[in-house]
Amino acid sequence: MEIVFTYAPWWLIPGLILSVLLTGLTYWRNPRFAPLPRKALALAALARWAALALTSLLITGPMLRLTREEEEKPLVLFLTDNSASMTLHADSAEVRDRLRVFLDSLKSQLSDDFQVIEFAFGVRLQSADSLNFTARSSAYARAMTEALEAVEGRRLRAVVLTGDGRFNDGPSPLYAARALGVPVFCLMTGDTLSMANAALSDLRYNQVTLAGNRFPVEATVEFYRMKGRQAVVELRDESGRLADRQEILVPEDRSTRQVTLWDVAEKPGVLAYKVIVRAGEETYQSDNIRKFFIEALNSKVRILLAADAPHPDIGALRLALERNKNLEVALAVGEPYPDNIQAYNLLVLHQIPGYSSSGLRLLKQVLEQRIPFWLITGPNTSAQGLQQAGAGLVLASVLPGRTDDYYFAVNPGFSAFEIDAVMREFLEKLPPLETAFGNYQLPPSSEVLFYRRVGGTVSALPVAACVTEGGVRRMFWLGSGLWRWRMLNFEKQKNTAYFDNLVEKLVQFLNAASDKSRFRLQAPVLMDETQHAVFRAELYNPSYEPVSSGFVELTLIDSAGRKFAYTMVGGSQGYALDAGYLPPGKYSYEARARLGQETFSKKGILVVEALDKERRLSGSDFNTLLGISMESNGAARPWLQAQDMLSLIREKVDARRVIWTHTTLRLLLHQKILFFVILALLTLEWGIRKYYGAY
């Protein structure tokens, strides 16, 4: 501890001199103090001088410098695999009973030289107190990354990783171990010998199908030490009905087989199924059954393909659309057009409106009834009709009889749906499209798909763009001649897959937001237990303007009938609710919205699937743990050699401590004790003068 000065110390001299002068002016030969004895007078003067001198000292801003030293031990992290696979090995009982005791003992022996922090992990990093070996998956890489973030800024020197090496979530832990920058010491539990077992390691299926359609389920079965056995794979629905079965003769001790099972979605809704493997006697059969759910939609998407006059584009588009069995395509070429357009989910309008009044009426009906559409212009499109309908696309200065051919380039920032590099390369080599000669203007809120290209230069003029207004999507496409694209596709690739895929993506995008209700709810239908249940809602006024001033609540009901009420929070992006993790099972929900005196509601079903990856593989994966230790310059030992961990850590880890010096500066002016000292000195002076009656 020492005193330092804000200003030069010599400023103390004038202060001391001034204190002496002020004291002298008060007490030197002053007749008022004649009654005071000499000693009392000297004591009073000394108190006055000391108070003035101390005050002048504080005015110069002296500070007290305090120095404190703190010793920090290096840090060692304990990470323990908390997944269910830790209990599936021959030594599982011993590990479960003795692991906690061993880790506590190791922590105690290291505590003299190191700080020790413990975590458990499954899908995410967890508190060490939650160690119960029930996690349904293992994310080794994520655990190391999150642990490093948790101790950021501290002197991490080593990691002790205990587990069987079976990671089934996230990337390879080898890269995460390298990124730690410290040695990782792996304590390997379990054994690498596979027990006799048949495991359903993977299921592949489409989560959505149409009611009445036949759908496939592809099951991957892994066999361990079952050579020559006859196995049966079955597909059953929730009532236990056998939908399909296949027999497999296991060819090797360790082999993988894929089988495809089929069934028909007989009714709309969420349908529950399970795949079962039967292969005779096994060590355990918890991985022989996998449950899954499929959502069967009620009806097909109905599309009206309407054209002002016959054109080759109509045939090309119809062939592309009819390839998809989920689409029902109707054709209307020329007058009269159907009156019941509300029966269609989407309209493709080719050169409509033309020069007949019926085409204009059709476009007006589509706009009034808020039906998504794909508008394709061409030489016969009526600019006046587009303006009268108020479709949002403006054609100006059109010269009758003159056409304009143009090439185009894909907008790299287009995000409405994915266009991969191969598709992009194909599109930019296609023949030009033909449109009326003139100027055009797209709505300002358009998301551009194609820009006009002149030679090798891409202009800023959009020629294809989509617009979303009030949840209804529209596509404006300037130019006909799509049939040439389909022909070139077949000429180059001997199929029309690229063209058909583009048309299908456009139709899926346009149909995705065809909900015309004023209260819309986006809710998950199928999810697993490691995902958050997130609900989003939109509420519109009668003019279809989004509002956030309404009240939206959601009630979730589990299979036992228990109800959980939530309130959805409104904001600039609508309403949102994160219900967090939900236990596996089937839930129903009802969302209610209130806007003024109006009320709205939506109901639905949510299925949360159990995610139990830990029971799908057999045996430990010591190679992963050995790789982690090698990448990090650590070491690995099996459970039977666990006692070597202490000596390995002491041998490889730098246990030197760091001494941190903390220096603090404090103004003496802020020390309350000095105020009371000055007050005491002035009180002493006043008391002496009062006692002797000298004022």
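The values are calculated or read from the model by the stated rules, or taken from the named source; none is laboratory data. Remember, it's a predicted structure, so these values are computed and weren't measured experimentally. Don't worry about glycine lacking a Cβ; one is built from the backbone with ideal geometry, like all the others, and counts go over all protein chains shown. Note: areas computed on protein heavy atoms with side chains; ligands, DNA, RNA excluded. Shrake-Rupley method; radii C 1.70, N 1.55, O 1.52, S 1.80 Å.
Return the residues of segment 6-27 that are open to solvent by 100 Å² or more (accessible area, probe 1.4 Å) and in contact with a Phe, Trp or Tyr (Cβ under 9 Å, 6 or more places away or on another chain); say none if nothing qualifies.
Of everything in segment 6-27, just one residue is open to solvent by 100 Å² or more (accessible area, probe 1.4 Å) and in contact with a Phe, Trp or Tyr (Cβ under 9 Å, 6 or more places away or on another chain), namely W11.
Tell me which strands (runs of 3 or more DSSP E) are completely within segment 201-264 and hold 1 or more residues being under 35 Å from the mean Cα position of the chain (by Cα), or say none if there are none.
208-210, 214-224, 230-237, 254-264
Is one or more of the residues making up segment 160-175 modelled with pLDDT of 80 or more and closer than 20 Å to D253 by Cα?
Looking for residues that are modelled with pLDDT of 80 or more and closer than 20 Å to D253 by Cα, one finds none in segment 160-175, hence no.
Go through segment 455-468 and count every residue that is in contact (Cβ under 8 Å) with a residue 60 or more places away in the chain and open to solvent by 10 Å² or more (accessible area, probe 1.4 Å).
Adding up the residues that qualify gives 0.
On the basis of being at pLDDT 85 or above and out of contact with any helix residue (DSSP H, G or I) (no Cβ under 7 Å at 6 or more places or on another chain), does L640 make the cut?
Against the criterion (at pLDDT 85 or above and out of contact with any helix residue (DSSP H, G or I) (no Cβ under 7 Å at 6 or more places or on another chain)), L640 does not qualify.
For segment 64-77, does any single residue satisfy the condition of being over 30 Å from D112 (Cβ atoms), crowded, with 16+ Cβ neighbours inside 10 Å and not aromatic (F, W, Y)?
no
In segment 641-684, which residue that is closer than 17 Å to D113 by Cα and assigned to a strand (DSSP E or B) is farthest from the chain's Cα centre (by Cα)?
I659
Residues in segment 668-685: is at least one polar (S, T, N, Q) and either at pLDDT 85 or above or open to solvent by less than 40 Å² (accessible area, probe 1.4 Å) (or both)?
yes
Give the residues of segment 28-42 that are exposed (fewer than 15 other Cβ atoms within 10 Å of the Cβ) and within 15 Å of G687 (Cα to Cα), sorted by residue number.
Correct list: P35, P37, K39, A42.
Would you mind stating whether V398 is over 21 Å from E368 (Cβ atoms) and at pLDDT below 80?
yes
Quick one: what pairs do we get from segment 49-67, first residue without any contact (Cβ under 8 Å) to a residue 40 or more places away in the chain and in a helix (DSSP H, G or I), second buried (at least 19 other Cβ atoms within 10 Å of the Cβ) and among the small types (G, A, S), C-beta under 6 Å, 6+ apart or different chains?
W49/S19; L52/S19; A53/S19
For R214, all conditions in the list (1) basic (K, R); (2) free of Cβ contacts under 8 Å to residues at least 12 places away in the same chain; (3) under 21 Å from N324 (Cα atoms) hold save one; what is the number of the exception?
Every condition holds for R214 apart from (2).
Does A147 meet the test of being within 21 Å of M86 (Cα to Cα), of a type in the set (A, V, I, L, M, F, W, C) and not in a loop (DSSP other than H, G, I, E, B)?
The answer is yes for A147.
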